[in-house]
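Structure first, then comments.
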Amino acid sequence: MEEHISKYYGTAVNIKKTRNKKKRLVIVFSVFIILVIVFAVYKYHRHQKWLAYMDRYYYPFIEHNHIDDYEQGDVGVEAHLEYEYKGDSIDFLVYKPTKDKFNFQICLMSNCVVNKNACWTVSSNDYIYAFDFYVKVDEDGNWGYHVTSNYSRKSDGYTIDALFFDIDENGHYIQDDDFPLTAKDREILDELQPDIKELYDEMRYVILDGIV
């Protein structure tokens, strides 16, 4: 009799362990399904937000500037165009947002060798200042304006160094947090401020007219 009871007792324990294992598997599977649903909902809403972003910024921009659209895929640069500025044809880069990424960006880029009218000079030195003027808008509609200005001697055109700065919504230069400006830098930028404002106005009120 004792042997008979012991045999059934051991079987009962095994059944209990099996049920607990199945319960854990059900819980894990349920959590996985919930996570998949949450991720799918997140992706859906993010895609809808991206579509609204494209309709608000990118498509009006290319229509306003008469730029042909195309299926970009993973290519970062939408178009490498030219833009007439101060009598020079400077580079005009348009970066089409990749799918579900809020990375619409525009760049005006001058060259100190071939774009002497568009580039800048100051009275305190013999340098000529070219610029790469990047503009981008994030998913919340916040615009950012950043300039990298490479400068060279007028006589040889070889790059000496660069200035890095941002531009605020009033067209004034401000410090880029990653590149502190020296007193000499600020002295140069103070003299270049009218040129900086003029470049900003061209971007803000001509190229981005009705979009910002």
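The values are calculated or read from the model by the stated rules, or taken from the named source; none is laboratory data. Please read these numbers as outputs of a predicted model, since none were measured by experiment. Positions of Cβ are backbone-derived with ideal geometry, glycine not excepted, and every protein chain shown enters the neighbour counts. These accessible areas exclude ligands, DNA and RNA; they are computed on the full protein's heavy atoms, side chains included. Shrake-Rupley method; radii C 1.70, N 1.55, O 1.52, S 1.80 Å.
The table below gives the values:
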item	result
Criterion violated by HIS80 - all others in (1) open to solvent by less than 60 Å² (accessible area, probe 1.4 Å); (2) within 26 Å of PRO60 (Cβ to Cβ); (3) touching a Leu at 6+ places or on another chain (Cβ under 7 Å) satisfied	(1)
Single residue of ILE106, ILE62 found to be in the same structural domain as ASP161 (by the TED database) and in contact (Cβ under 8 Å) with a residue 24 or more places away in the chain	ILE106
Selection status of SER155, of a type outside the set (A, V, I, L, M, F, W, C), open to solvent by 60 Å² or more (accessible area, probe 1.4 Å) and not in a helix (DSSP H, G or I)	yes
The one condition in (1) assigned to a loop (DSSP other than H, G, I, E, B); (2) touching a helix residue (DSSP H, G or I) at 6+ places or on another chain (Cβ under 7 Å) that ASP140 fails to fulfil	(2)
Evaluation of TYR173 against (1) within 24 Å of PHE92 (Cβ to Cβ); (2) open to solvent by 70 Å² or more (accessible area, probe 1.4 Å) (one fails), failing number	(2)
Spans of strands (runs of 3 or more DSSP E) in segment 85-135 with at least 3 residues open to solvent by 10 Å² or more (accessible area, probe 1.4 Å)	88-95
Every residue from segment 136-148 that is surrounded by 14 or more Cβ atoms within 10 Å (Cβ to Cβ) and either basic (Lys, Arg) or touching a residue at least 24 places away in the same chain (Cβ under 8 Å) (or both)	LYS136, VAL137, GLU139, TRP143, TYR145, HIS146, VAL147
Residue ID - nearest to GLY141 (Cα to Cα), chosen from residues in segment 40-68 that are surrounded by 11 or more Cβ atoms within 10 Å (Cβ to Cβ) and among the charged types (D, E, K, R)	ARG56
Given (1) modelled with pLDDT of 90 or more; (2) open to solvent by 90 Å² or more (accessible area, probe 1.4 Å); (3) not assigned by the TED database to the domain that holds ARG204, number of the condition ILE37 does not satisfy	(1)
The listed residue being within 20 Å of GLU198 (Cα to Cα) and either of a type in the set (D, E, K, R) or out of contact with any strand residue (DSSP E or B) (no Cβ under 9 Å at 6 or more places or on another chain) (or both), out of ASP100, ASP156, ASP140, ASP132	ASP132
Whichever residue in segment 158-182 is assigned to a loop (DSSP other than H, G, I, E, B) and over 27 Å from ASN65 (Cα atoms) and, among such residues, is modelled with the lowest pLDDT	TYR158
Sole residue being part of a helix (DSSP H, G or I) and among the charged types (D, E, K, R), chosen from ASP185, ASP209	ASP185
